[in-house]
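Below is one structure, written out as structure tokens, with a few remarks after it.
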Amino acid sequence: MAGANAAQMRHFLADTYLSFVYWTVLTSLGLCIWYFPLWHMGISGYEVALLSNISPVVLGVPCVRRVIRRHRAVAAILGLAGVAAYAIASPTQRLLAVALGSAGVSLSFGATLYTDKVQGTGRLERDIQAWEAGLLVSIAVR
């Protein structure tokens with residue numbers, strides 16, 4: 001019984017970290033978009049990167065949903081591109097890295113919620129709590 005509780009705690013902490021990455025990348029995209037046109041002194045068209053936040057729409061296509069559900073880790077790793085974007089000097093490349101990261105974490109999060117809801121594993125409540133905990137950690141870190 002203690003081993004099961006320890007495993008559940010590890011899963012919760014891992015989900016909280018992924019949620020922290022989700023909230024960090026999601027909120028940084030708006031800042032990059034706001035900063036980027038200032039860099040070019042005008043409306044430049046790069047604001048379309050905001051559409052990466054609605055990337056879970058593609059989960060409506062059954063074959064895409066199946067691939068993302070099987071390879072959620074790859075989508076979550078794309079989120080690390082958004083976190084590592086601070087090290088990129090070029091504003092254009094930084095914006096694209098954050099947009100890629102935002103699309104990855106949004107797809108991963110959408111696939112996780114879909115899987116939990118459809119399979120009825122009872123993990124949906126725990127994932128929502130981890131999502132909230134990640135939001136709190138993201139706010140506290142700033």
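So how many Å³ per residue does the convex hull of the Cα atoms of region 65-142 work out to? Before the final figure, lay out each step's value.
Details: hull volume 6.5 nm³, N = 78.
Per residue, the Cα convex hull of region 65-142 comes to 84 Å³.
Local charge sum around residue 123 (other residues, Cβ-Cβ under 12 Å, Lys/Arg +1, Asp/Glu -1)?
Details: positive: 117, 126; negative: 15, 116, 125, 127.
Around residue 123, the surrounding residues sum to -2.
Below 8 Å, C-alpha to C-alpha, sequence gap of six or more: please give me the relative contact order for region 39-142 in percent. Show your work: numbers first, answer last.
Values: 89 pairs, mean separation 30.7, N = 104.
Relative contact order comes out at 29 percent.
Measure nothing fancy, just the Cα-based angle from helix 124-141's long axis to the longest principal axis of the chain, in degrees from 0 to 90, nearest 10.
On a 0 to 90 degree scale, this one is about 40.
Pick from 66, 126, 94 the residue whose mean-square fluctuation is largest in a GNM of the chain, springs joining Cα atoms under 10 Å.
The residue with the greatest mean-square fluctuation here is 66.
Around residue 19, what is the net charge, scoring Lys/Arg as +1 and Asp/Glu as -1 over all other residues with Cβ under 10 Å from its Cβ?
On the way: positive: none; negative: 15, 127, 132.
Around residue 19, the charge tally is -3.
When the helix-only estimate is applied to the chain (DSSP H runs of n ≥ 4, each -39,500 (n - 2.57), divided by the residue count), what is the mean residue ellipticity at 222 nm, nearest 500 deg cm²/dmol? Please list the in-between numbers first.
On the way: 5 runs with 107 residues, N = 142.
Counting only the DSSP helices, I get -26000 deg cm²/dmol.
Read the figures in this text as sums done on the coordinates, not as results from a lab. The shown structure was predicted, so the numbers you read here are calculated from the model rather than taken from an experiment. Reconstructed Cβ throughout: ideal geometry from the backbone, glycine too, with neighbour counts over all protein chains shown.
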